[in-house]
Every structure is written in structure tokens, then in C-alpha cells.
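Undergrad: Mind looking over this structure? Questions follow.
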Amino acid sequence: YQRRVHGVSFSGPQLEMTDSVPERAVAPASISTHDQSAYLHPGGWITESVAPGWRQSMEIKSVLYRTKSEFQDIAVVDTETLGRVMLIDDRIQLTAADEFTYHEMFTHVPIMAHGNVRRVLIIGGGDGATLREVLKYGPSVWPVMVDIDGKVVEASRLHMPTVHGGCFDAVERGLGQLIIGDGLAYCKNLSDRNKELVAQGRAAERELFDLVIVDSTDPEEHGPSSILYKTPFYRDIAGCLSDRGIVVTQNGHPQFESYPKVALSHLAEVFEHVTVYQFTVPTYMGGLQTFAWASNDAASLNVPVEELARRWGPLNIPVRHYTPRFHKGAFMLPLWVEQQVEWAVDAARQRKAKA
């Protein structure tokens, strides 16, 4: 699951929250302190604010699910135009109407760019939509999904069938692996084990992934995802990747949020080739969103569109958004976004020089 929003308020009593990238990593903690009764009912309005003086609202038709997990408040509601909507800590995570734009670009772009993905690690993504897209490649690709909150999986499985697309049943049939646990700890333990195997001269026994997708919430202070935007986590990811491996992360809106370029600079401390690619999700305020991209293999960023089409065509994967041409165009960034990438790379270079 994922989301990027600076503030949120509701009809009736109002609550304001602020995104930040904490300077120190914060361990996951309970952050569910919201009073959902103020708005979470038929006829209630969810109102999100991404910048001062700018809000968007949607009316709730019915409430299908609500619970408080160890980590957060979770709800699924039905709406008139956007269909079913998942809320986490009162923020819109995704809607049935437009989530496909996000998840198709999150998965098919790196898989097609790599050209030979066999193992995929998904950190987060409890709604199942990222796993759904990976499973479209059939038994040739083995996905492992690690999400800290089983209640998110439960909410989607029970009430968002078009979002998860049967992926959880597919895992139960042996087509992938779902782990309810801490993605940070999973990556660290695997990276440490791989290092030990190398030290013992058993590098061939390492467990490596060709693609890591970090489908996390925003790095709010004290939130379960804050630590997933820092250099130590990215180093652990590098220890889980094959030589040509790629990592992609949700990276928010490059104009209205402060954390994307900071997080990108942490990626650039670990990987040789770092950039972002862009897409749009109408539900997310501002529309424009970016995924961060990092790899030590430059070739995957320079695949000609003809080669992408050659790889994609025979697969006959059902999609609504992704095409090889759109894939290529997603990396054609406007000047102001290019400048943010340059800032991130330069900031990483300066930190490494001082180390």
C-alpha cells in the first residue's frame, strides 16, 4: 500500500498532519490515534489537503470495513465515482477506479527493462495489486511479498476483489510467497546471510532477487515506513539484488512533497544509476507522481523502444495502461524534475566524499 499527502481533514472535527523525512530512523510504532467516527459513515466526506488552500473531497456511500491494527487505522469505503477506496490512518491509499495506473507502471517498467527477471521481492503492497501484476508473468517469475500489517491484506482480500485480483489465492496455490512481517528486517537478514555466504566462499548459494519493489507508505515520522527511505535500508536491498538487479520505490509528488529528492539522494549513495520515472494517478492530488529507480546496471535504462516491444508483445499480458512507448516516455522528465535528480545525485556525492 502507498500514499503521499501532506495533510488531511474531515467534515466535522478537523485533523491536520504533516509529512516529514525524519533525520533519524524511527522503528515502527502504533500511530493509530484518529477519531474516525467524525466522518466515517454514509454521507461523510473525506477531504485531503496537499498544500495550503488546496483540497479535494469525496463522499462516502457506505463503510465496508474498519479496524485498528497494531500499526494503523484501516478502512474500506464505497464511493459514487471512484468505487471502493482503502484508507489508512484516514488517508486515501488507492481507489478501485484508478489504481491500475500506479501498479502497472510500478511493475512492468522494471521487469521489461531488465529483460530476464526471475525473482521479485515486494516490500509493502499489502493491498495485493503489485503482487497481482507480477503474477501475470506466470511461473517464470517468483514473487515474495513482505508486509508488516496483515490487517491490510485482510481488508483488501475481503472487500477489494478487483484490486487484489485473486493474488492471495494464487499464493496459496504455490505461485508465490506472502510473509506478514517487517520488510526492513527481512532485507537486513537476507543481506547479512548473503554476505556470510560470500565470506565462506559459497557465493553461488546466495538468495538474490532481480527486482525489489518498495511499495510503502509515506515516510511520516513514527510511521512504519519512515525507515524505508534511508541509506541503511537501501544498502540492505543492494545485498539482496543480483548483479543486474533493479530497485524501484514509490517516490511521491516531486513538487508538493519534500521527501522524494531526499530519499533519492539516499539511493544514490548506494547505487550507481539513479533517476525517477513519472506517471499520473488522478486520485492523488497533483496527478503527477514518480517512482524512484536505482541500479548498478546502466543498460536497463537505455533499452530501445523496439526492444521493449519485442519483449512485451509475445507475453500477451492484460493491461489497461502500460505500453512500451509509454514506458520509454516515462523517463523523459521535465527540466525541474531533472534538476531534482541532479540535486539528489550531487548531495549523495558530497556525503560520500566527506565520509
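The values are calculated or read from the model by the stated rules, or taken from the named source; none is laboratory data. As the structure is a prediction and not an experimental result, all values here were calculated from the model. Neighbour counts run over all protein chains shown; Cβ positions are idealised from the backbone, glycine included. Side chains are part of the model used for accessible areas, which takes the heavy atoms of the whole protein and leaves out ligands, DNA and RNA. Shrake-Rupley method; radii C 1.70, N 1.55, O 1.52, S 1.80 Å.
Undergrad: Could you list, in sequence order, all residues of region 319-341 that are part of a helix (DSSP H, G or I), of a type in the set (A, V, I, L, M) and surrounded by fewer than 17 Cβ atoms within 10 Å (Cβ to Cβ)?
TA: Listed by number, the list holds a single entry, Leu335.
Undergrad: Continuing with the same structure: Among the residues of region 265-278, which ones are within 30 Å of Ala96 (Cβ to Cβ) and either open to solvent by 20 Å² or more (accessible area, probe 1.4 Å) or out of contact with any Ser or Thr (no Cβ under 6 Å at 6 or more places or on another chain) (or both)?
TA: Tyr277, Gln278
Undergrad: If you don't mind, another one. Any idea how many residues of region 273-318 are among the basic types (Lys, Arg) and either free of Cβ contacts under 8 Å to residues at least 40 places away in the same chain or part of a strand (DSSP E or B) (or both)?
TA: Number satisfying all stated conditions: 1.
Undergrad: Within region 232-259, track down each residue that is part of a helix (DSSP H, G or I) and within 25 Å of Met112 (Cβ to Cβ).
TA: Answer for region 232-259, where residues must be part of a helix (DSSP H, G or I) and within 25 Å of Met112 (Cβ to Cβ): Tyr234, Ile237, Ala238.
Undergrad: Further, regarding this structure: Quick check, is Ala330 under 22 Å from the mean Cα position of the chain (by Cα) and modelled with pLDDT of 95 or more?
TA: Yes.
Undergrad: From the list Ala353, Ala344, Ala298, pick out the single residue that is more than 20 Å from Tyr102 (Cα to Cα) and surrounded by 19 or more Cβ atoms within 10 Å (Cβ to Cβ).
TA: Ala344
Undergrad: Can you name every residue in region 58-89 that is touching a residue at least 24 places away in the same chain (Cβ under 8 Å) and open to solvent by 40 Å² or more (accessible area, probe 1.4 Å)?
TA: Leu64, Arg66, Lys68, Glu70, Leu82, Arg84
Undergrad: What number goes with the only condition from (1) buried (at least 24 other Cβ atoms within 10 Å of the Cβ); (2) not in a strand (DSSP E or B) that Met145 does not pass?
TA: Checking Met145 against (1) buried (at least 24 other Cβ atoms within 10 Å of the Cβ); (2) not in a strand (DSSP E or B), the one that fails is (2).
Undergrad: Could you identify the single residue in Val152, Val171, Val212 that is of a type in the set (A, V, I, L, M, F, W, C), surrounded by 22 or more Cβ atoms within 10 Å (Cβ to Cβ) and outside any strand (DSSP E or B)?
TA: Val152
Undergrad: In addition: Anything in region 155-168 that is among the β-branched types (Val, Ile, Thr) and surrounded by fewer than 17 Cβ atoms within 10 Å (Cβ to Cβ)? List them, or say none.
TA: Within region 155-168, Thr162 is the sole residue that qualifies.
Undergrad: Would you mind stating whether Asp192 is open to solvent by less than 40 Å² (accessible area, probe 1.4 Å) and either acidic (Asp, Glu) or over 20 Å from Ile317 (Cβ atoms) (or both)?
TA: Criteria not met by Asp192.
Undergrad: Now a separate question. Say we look at region 90-119 and pick out the residues that are over 19 Å from the mean Cα position of the chain (by Cα) and not charged (D, E, K, R); which of these is least open to solvent (accessible area, probe 1.4 Å)?
TA: That would be Gly115.
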